[in-house]
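Here the structure is laid out as structure tokens; the discussion comes afterwards.
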Amino acid sequence: MTGDDLRAAVAAGVLRSEEGHRELLRSIVDVARAIFHARAASIFLLDEERDELVFEAIAGEGSDSLVGTRFPSSTGIAGWVLVTRQPLVLEDVSEDPRFAKDAAEATGYVPKGLMAVPLLHEERALGVLEVLDRPARPGAALEEVELLGLFASQAAIALDLLQAARRARAALEGSGGDLESLARLAAAVDGLEGERRSVGLELMAALERLLEGESRAAEPPGSSRTKP
């Protein structure tokens with residue numbers, strides 16, 4: 001097998017891993033929307049470098065056009081939930097000053113009510129899960145938030161793995177490192193499922209460190225790398 005063949009195998013493994021995590025996120029919003037009988041459900045990913053929230057997965061209203069849409073991370077209810085790390089239930093968003101009506105109108109759908117929970121993994125806030133316009137049940141808000149929190153836990157794991165896969169892909173695209181080691185790591189990650197996701201994350205992190213280390217070592221003496 002040539003170097004190019006090995007590199008292609010590594011890239012294929014990373015890309016399959018990335019798509020698998022994206023598919024899990026799509027499944028989470030699909031099920032959340034169905035369970036709550038909501039008009040829509042969405043997962044926002046925090047892009048830390050650009051300080052923006054990105055629509056990563058959507059079920060229902062906006063699912064055909066909003067994935068990939070970005071806005072400042074402090075915007076509206078999602079921004080508040082992300083910063084405070086607190087869940088929020090609003091039966092009428094128009095009465096809450098935190099609601100960013102302009103941002104909602106820009107998406108083409110303005111909800112009447114919503115539930116939102118932060119996506120937390122270890123000490124990091126990775127994004128926000130929202131459920132829009134579900135039928136209100138008097139006295140059920142606490143129970144619903146607890147249930148949504150279970151969805152959020154799974155979504156946070158998937159987001160963490162997705163980010164790791166994307167970092168690995170970006171590092172791979174800019175590296176000429178040890179392809180045999182990379183191929184073994186990519187193959188291992190591609191075969192992980194269920195409870196072994198935590199192991200997959202460690203493997204992806206190892207891949208990222210390996211690639212970044214070799215990239216730094218290849219830089220000319222005296223060069224410096226600064227974050228944009």
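What the Cα atoms of the stretch 53-161 give is an Rg and a Dmax of 13.3, 37 Å.
You can think of it this way: the chain between R98 and R70 has 8.3 nm of extra reach, that is 0.36 nm per residue less the Cα-Cα gap.
Residues whose amide H comes within less than 5 Å of that of A57, counting only those at least five positions distant or on another chain, are I43 (H built at 1.01 Å from N in the peptide plane). Computed from the Cβ-Cβ distance with R0 of 22 Å, the FRET efficiency linking S153 to E48 stands at 0.60. Were the residues from E105 through E23 laid out at 0.36 nm apart, the gain over their Cα-Cα distance would be 26.8 nm. Full extension of the segment from R124 to E146, taken as 0.36 nm per residue of separation minus the current Cα-Cα distance, would add 5.9 nm. Couplings for the stretch 68-75, taken from phi via the Karplus curve 6.51 cos²θ - 1.76 cosθ + 1.60 with θ = phi - 60°, read x, 5, 10, 7, x, 5, 8, 6 Hz in order; Gly and Pro are left as x. Here I35 and K112 are evaluated by their C-beta separation; at R0 = 22 Å the FRET efficiency comes out at 0.70.
Values in this text are rule-based calculations from the coordinates and carry no lab data. A quick note: this is a predicted structure, and the numbers were derived from the prediction, not measured. Every residue, glycine among them, receives a Cβ derived from its backbone with ideal geometry; neighbour counts consider all protein chains shown.
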